[in-house]
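Structure record follows, encoded as structure tokens.
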Amino acid sequence: MNDAATPPADNLALGVARSALGRRWTWRQGDARIGLGIAQRLGLPELVGRLLAARGVGVEAAADFLEPTLRALLPDPSSLRDMDAAAARLADAAQAQEQVVVFGDYDVDGACSGALTVRFLREIGCRVTHYVPDRINEGYGPNTRAIATICDRGATLIVTVDCGIAAAVALEAARGRADIVILDHHKAEGPVPMVRAAVNPNRLDCRSGLGHLCAAGVAFLAAVATVREMRRRGAFASRPEPRLLDLLDLVALATVCDVMPLTGLNRALVAQGLKVMARRGRAGIAALLDVALAKDAPSAHTLGFLLGPRINASGRIDESDLGLRLLLEDDAIEARAMAERLDLVNKRRQEVEADVLAAAMAEAERQAGHGHPVLLVVGQGWHPGVVGIVAGRMKERFNRPACVAGLNEGLAKGSGRSVAGVDLGAAIIAARQAGLLETGGGHAMAAGFSFQAAREGEFHAFLDERLSHAAELPGAADLWVEGALTVPGATVEVASQIARLAPFGAGNEEPVFVLSRARVVRADRVGKEGGTIRAFLEGEGGGPRLKAICFRAKEGPLAAALLGGGVLHLAGHLRAESWNDTVSVGFHVVDAAPAG
């Protein structure tokens, strides 16, 4: 198995009970017999079989996991409640060439599901415009004034994407004037709105089992169902059918950036969508890839760390629909100008975020020290467009559900991020139902809310009580390790075997390997702000050197360990990297511990 050793029975990897980042290194092991069976049946290296088994993939499912296809994994869209009604109404609109407005959200999933739906409806014959609410002035989702204005302008059908399921009151403004079709995935609170169709796999009465889809995934299935309905009506006798597979780059981008699990159908949507994106046929995405200096074939990492933040930035602190307009733009020159603007906005967002992060972390440290199961930090004037990112950083740092809000004129607007096994969205909905919040909703891992400043203490106490089990979590999440390597054994061949399990992300995390007793020969800071550390490693007995890199390591114990040199146990990801047609191997460090 090259030099990727099978973990020993002891569950503590290399004996590390507290690393530089305060984490335990814990072996993640599957059934060795299943791993061997997968390897033998599919003719794979034993390492690949073992990694699959550790993810709970069985012998029968392994082939589809490694080569996920829509042919094998796409469900019948009709399994979703109200999907047939939605497809029929969209087909009616196409045949009558109705005026349709797609009402979206300002995040990546909203921009992608919006662009997908606008493009699809135009291709089947509708006259389509879009509407994205202003984050500051209108907030999330449909509001009464916006819906009334859309109807005044002559729309006969409004399609809400990535929102709408909790907007029953606002959508009433369209009654008798325009039909509503909802394509959403957020948890519903209270009765489903009285509309023509409300497609949402997270409706309590939906039995599809597709609750892991993002809104763009739901919108794609709606397009599949609509094409099937129009085919049944003979609508394509005089016009070509739309090429739905060309929309999968949008679905992939939304799925990764909305942190949906990359298993089952999602895995197929992302794997196939990355192939579409690699062709660079969409001007907006091609321009954004160029601006982000992404030269290699796109991966889930490209989507989540290069494209997503730039699209999100505009909705957070600039024009709410700029990301959507970029994804709709077909002119390469216009797309480049939009992409460059998004890049500038993202840099400004980073500056705003840094200011909020420093103050929020100090208060979070105090709350964690007092044993709060949930962290709730509120700051005067904090920009609501960055509080979700800061909440995510707090969650990573303290391994607790974290909520961050900006206070303006007595009203706090915020976002929360959670950890595995702690349903923050349900708690936020319960707090709203208890009268503690003005607005609130979300899903297990993320939520949004607003409350009057005077209710902060009550709201925090409610979350602490509702999610009290989070107090039992360790101060830093365990780091799951899937194999041990030596420096000489960290080869391109091993990295290429690991890459067969991509795309990596939520639900299919990139495997972490430990390098035992690696000697840091040289380490220095690189990049404009010195936040990245580059190092070269050797085995204890010398031999070939291994390149290593550590991101987001401007300061702190991990940076100190690497820059201090010496012999360390290192944990990270082994990756095959291409540069100028040459493939080499690199180790991306995520943690370190003293050797011995």
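Observations on the structure shown:
- Annotation: Cys126 fulfils all but one of (1) under 23 Å from the mean Cα position of the chain (by Cα); (2) modelled with pLDDT of 95 or more; the unmet one is (1).
- Every pair of residues 6+ apart whose Cβ atoms lie under 9 Å, when the first sits in the range 482-499 and is more than 21 Å from Arg28 (Cα to Cα) while the second is among the β-branched types (Val, Ile, Thr) and at pLDDT 95 or above: Thr491/Val585; Val492/Val585; Glu493/Val585
- Note on the range 530-544: among residues that are more than 11 Å from Val589 (Cβ to Cβ) and either acidic (Asp, Glu) or at pLDDT 95 or above (or both), the one that is surrounded by the most Cβ atoms within 10 Å (Cβ to Cβ) is Glu538.
- When Arg517 is tested against (1) under 26 Å from the mean Cα position of the chain (by Cα); (2) charged (D, E, K, R); (3) in a strand (DSSP E or B), exactly one condition is not met: (1).
- Scanning the range 286-298 for any residue that is modelled with pLDDT under 95, more than 20 Å from the chain's Cα centre (by Cα) and of a type in the set (A, V, I, L, M) turns up at least one such residue.
- Failed criterion for Gly425 (all others in (1) touching a His at 6+ places or on another chain (Cβ under 6 Å); (2) crowded, with 24+ Cβ neighbours inside 10 Å hold): (2)
- For the range 345-385, the tally of residues that are in a loop (DSSP other than H, G, I, E, B) and buried (at least 18 other Cβ atoms within 10 Å of the Cβ) stands at 7.
- Qualifying residue in the range 393-403 (condition: assigned to a strand (DSSP E or B), in contact with a Lys or Arg (Cβ under 7 Å, 6 or more places away or on another chain) and free of Cβ contacts under 8 Å to residues at least 40 places away in the same chain): yes
- Considering (1) surrounded by 14 or more Cβ atoms within 10 Å (Cβ to Cβ); (2) closer than 27 Å to Ala268 by Cβ; (3) aliphatic (A, V, I, L, M), the lone condition that Leu562 does not fulfil carries the number (2).
- Here Gly406, Gly442, Gly414, Gly435 are screened, and the one residue that is buried (at least 21 other Cβ atoms within 10 Å of the Cβ), of a type in the set (Gly, Ala, Ser) and more than 19 Å from Asn137 (Cβ to Cβ) is Gly442.
- Options Gly483, Gly489: the member that is over 19 Å from Thr263 (Cα atoms) and touching an Asp or Glu at 6+ places or on another chain (Cβ under 6 Å): Gly489
- Residue selected from the range 93-117 under the condition part of a helix (DSSP H, G or I) and more than 22 Å from the chain's Cα centre (by Cα), by the criterion farthest from Ala197 (Cα to Cα): Gln95
- Residue check for Arg153: in the same structural domain as Asp179 (by TED's automatic domain parsing) and in contact with a helix residue (DSSP H, G or I) (Cβ under 9 Å, 6 or more places away or on another chain): no
- Taking the criterion of being part of a strand (DSSP E or B) and either without any contact (Cβ under 8 Å) to a residue 40 or more places away in the chain or surrounded by fewer than 21 Cβ atoms within 10 Å (Cβ to Cβ) (or both), the residues of the range 448-460 that qualify are Ser450, Gln452.
- Top-ranked residue in the range 339-353 [being of a type outside the set (D, E, K, R) and out of contact with any Ser or Thr (no Cβ under 9 Å at 6 or more places or on another chain); ranked as modelled with the highest pLDDT]: Ala339
- Cβ-Cβ contacts under 8 Å between residues 6 or more apart (or on different chains), taken from a first residue in the range 162-183 that is touching a residue at least 40 places away in the same chain (Cβ under 8 Å) and under 14 Å from Ala219 (Cβ atoms) to a second residue that is among the charged types (D, E, K, R) and in a helix (DSSP H, G or I), are listed as Asp162/Asp109; Val181/Arg89.
- Inter-residue pairs, beta-carbon under 8 Å, first polar (S, T, N, Q) and in the range 573-586, second assigned to a strand (DSSP E or B) and surrounded by fewer than 17 Cβ atoms within 10 Å (Cβ to Cβ), 6+ apart: Ser584/Lys547; Ser584/Glu577
- Candidates Glu340, Glu353, Glu319, Glu365 - the one that is of a type in the set (D, E, K, R) and within 24 Å of Thr129 (Cβ to Cβ): Glu319
- Gly527, sole failed condition from (1) surrounded by fewer than 18 Cβ atoms within 10 Å (Cβ to Cβ); (2) touching a His at 6+ places or on another chain (Cβ under 7 Å): (2)
- Any hit, the range 470-493, residues being in contact with a Ser or Thr (Cβ under 8 Å, 6 or more places away or on another chain), at pLDDT below 95 and within 22 Å of Ala426 (Cα to Cα): no
- Some residue of the range 72-89 being surrounded by fewer than 17 Cβ atoms within 10 Å (Cβ to Cβ), under 28 Å from the mean Cα position of the chain (by Cα) and among the charged types (D, E, K, R): yes
- Condition met for Lys413 (assigned to a strand (DSSP E or B) and among the charged types (D, E, K, R)): yes
- When residues in the range 231-242 are screened for being touching a Gly at 6+ places or on another chain (Cβ under 9 Å) and either buried (at least 23 other Cβ atoms within 10 Å of the Cβ) or over 13 Å from Ala88 (Cβ atoms) (or both), 1 of them pass.
The values are calculated or read from the model by the stated rules, or taken from the named source; none is laboratory data. The model shown is predicted, which means the values in this text are computed figures rather than measured ones. Positions of Cβ are backbone-derived with ideal geometry, glycine not excepted, and every protein chain shown enters the neighbour counts.
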